[in-house]
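Everything below concerns the one structure shown next.
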Amino acid sequence: MSEGKYNFDEPIDRHGTACEKWDFLKERFGQEDLLPLWVADMDFQSPKPVIDALVSRANHGVYGYTGLTQQYYDSVINWYKRRYNWTIRKEWIVFTPGVIPAIDFAIRAFTNPGDKIIVQTPVYYPFFDSIESNGRQVLENPLKLSDGRYEMDFEDLEKKAKDPRARAMILCSPHNPVGRVWSKQELTKLGRICLDNNLLVISDEIHSDIRYSGIVHTNFATISEDFSNNSITCTSASKTFNLAGLQISNIIIPNGKIRQDFLNSVSTMGMDLPNSFAATAVQVAYDECEDWFEEFLKYLKGNLDFLKEFIRKEIPEAKVIEPEGTYLVLLDFREIEPDSEKLQNLLLREAKVAFVKGSVFRSGGEGFERVNIACPRSILERALNQVADAVKDY
Ligand SMILES: Cc1ncc(COP(=O)(O)O)c(C=O)c1O
């Protein structure tokens, strides 16, 4: 139950807003009658000051070309200083209309067709599209699952890093979908291997704000001067404040040469200015909405506890991979149905829920499903009841 100043229990009807999660179920899953807990946005409204600022900006009525002001940069810099003690210089911050576009720009700027890019599977599937649609190759460094916890396989990473075509690594930190918030020690080991083998680290930290109590996130670039100079850190307020549809992210690139090459790649695509609303929303969110976010985290923890308890009692054959961060939770259904296609059919046809099927995350994903718990608890409860009923009869 929502207990604080903000009401996260209230369901918001998103139908009819061209909402990717709710309005395109037929296109994405082949059927409409589904409860959607898939794509990574929240079913909550953004905080009120953000809504008010956007309404006020909309009322102005002129939506011409828009730049980024000093106040905008200050908001971003202050957020990272306050929450991570990371001192970011203004000139390090590069605008892109999203983290996936940034990863695409980086791939084009720093690798050549045929080169290999390392990713740690099972992992966020658009990484594969960014790599392969640009004619590069995915080099998998699979994560190891032991006792319900995912770990990096450094021995395998050492081997893959020595591949003569390997050029870069996309680090997912925190990791979607396995929910790990990598420790400083793990990141240091990874960073050393990448440095020793001349691999650029593209650190996707889009989920870094969203962590469960006591878990600390280390920004990869803060570990050492060498790491700072060999990395591109992708950040955004979009997961934190539910702003993904506004399409703005801040890419932090301390190394001047890498930054210039990246900027050339961005301007080649003509994407160097944000839309008229995005910066306003981010600025107000970072400056005025931290208390909303802290309450959201408490509600989210309540959802996670609810999910764990429900699965333990009602679907004991399934296992929850306990996340340290992100609002995405990986469920291990292998005891029920190890084949991803059959499992997905069971969830779609019988349970009538849309989760993300594990096989899209590639190696290690078969028999798993990813569920998005950033929704009112009543929706999560309905979805889980539907799954429990479907699984009982299977
Ligand atoms: C790890 C990760 N990176 C990037 C994105 C997408 O970022 P954007 O919408 O800014 O392109 C997501 C969204 O789910 C994500 O989970």
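Just a few scattered comments:
- Given +1 at the Cβ of Lys and Arg, -1 at the Cβ of Asp and Glu and no other charges, the dipole of the chain around its Cα centre is 820 debye to the nearest 20.
- Calculated FRET value between S133 and E322, using beta carbons and R₀ = 56 Å, to 0.05: 0.95
- The helix-based estimate of mean residue ellipticity at 222 nm for the chain, built from -39,500 (n - 2.57) per DSSP H run of four or more residues and divided by its residue count, is -12000 deg cm²/dmol to the nearest 500.
- Within-13-Å neighbourhood charge of Y73 [Cβ basis; K, R +1; D, E -1]: 0
- Using bins of 5 Å that start at zero, the share of Cα-Cα pairs per bin across the range 206-362 amounts to 2, 7, 12, 14, 14, 15, 14, 10, 8, 4, 1, 0, in whole %.
- Sum of side-chain charges, E341 neighbourhood, beta-carbon under 11 Å (Lys, Arg +1; Asp, Glu -1): -1
- The Cα trace of the range 272-394 gives Rg and Dmax of 17.2, 54 Å, the first to one decimal, the second as a whole number.
- Protection-proxy order for peptides 240-250, 156-166, 204-214, each taking the mean of Cβ atoms within 10 Å per residue, highest first: 240-250, 204-214, 156-166
- Surface share of carbon and sulfur [accessible, 1.4 angstrom probe, percent] for the chain: 49 percent
- Measuring between their Cα centroids, the range 107-133 and the range 36-97 lie 27 Å from each other.
- Rh by Kirkwood over Cα pairs, then Stokes-Einstein D for the range 70-121 at 1.002 mPa s and 20 °C, µm²/s: 160 µm²/s
- Gap separating the Cα centres of the range 301-364 and the range 212-236, nearest whole Å: 29 Å
- Volume per residue that the Cα convex hull of the range 174-228 spans, once the total is divided by residue count, Å³: 83 Å³
- Summarised as an ellipsoid, the range 71-213 has semi-axes of 25, 20, 14 Å, derived from the eigenvalues of the Cα gyration tensor scaled by 5 and square-rooted, with the largest first.
- Dipole of the range 1-126, positive end: most advanced residue of V76, V123, P36 [Cβ charges, Cα centre]: V76
- Spatially proximal lysines relative to K160 (Cα-Cα < 25 Å; intrachain offsets below 8 disregarded): K116, K144, K184, K189
- Solvent-accessible surface of the range 181-241, averaged per residue with a 1.4 angstrom probe and all protein chains in place: 33 square angstrom.
- Over 19 Å (Cα to Cα) - which of K5/K301; K308/K342; K26/K357 fall in this group: K308/K342
- Cα-only Debye scattering, the chain: base-10 log of I(q)/I(0) at q = 0.11 Å⁻¹: -0.81
- Whole-number accessible area per residue in Å² for the range 1-134, which is evaluated in the context of all protein chains at 1.4 Å: 50 Å²
- Straight-line cross-link reach from K90 at under 19 Å between alpha-carbon atoms covers these lysines, not counting any fewer than eight positions away in the same chain: K81, K257.
- Kirkwood analysis of the range 29-131, using all unique Cα-Cα pairs, places the hydrodynamic radius at 18.2 Å.
The values are calculated or read from the model by the stated rules, or taken from the named source; none is laboratory data. As the structure is a prediction and not an experimental result, all values here were calculated from the model. As a convention, Cβ positions derive from the backbone with ideal geometry for all residues, glycine included, and neighbour counts pool all protein chains shown. Protein only, heavy atoms only, side chains kept; ligands, DNA and RNA dropped before computing areas. Shrake-Rupley method; radii C 1.70, N 1.55, O 1.52, S 1.80 Å.
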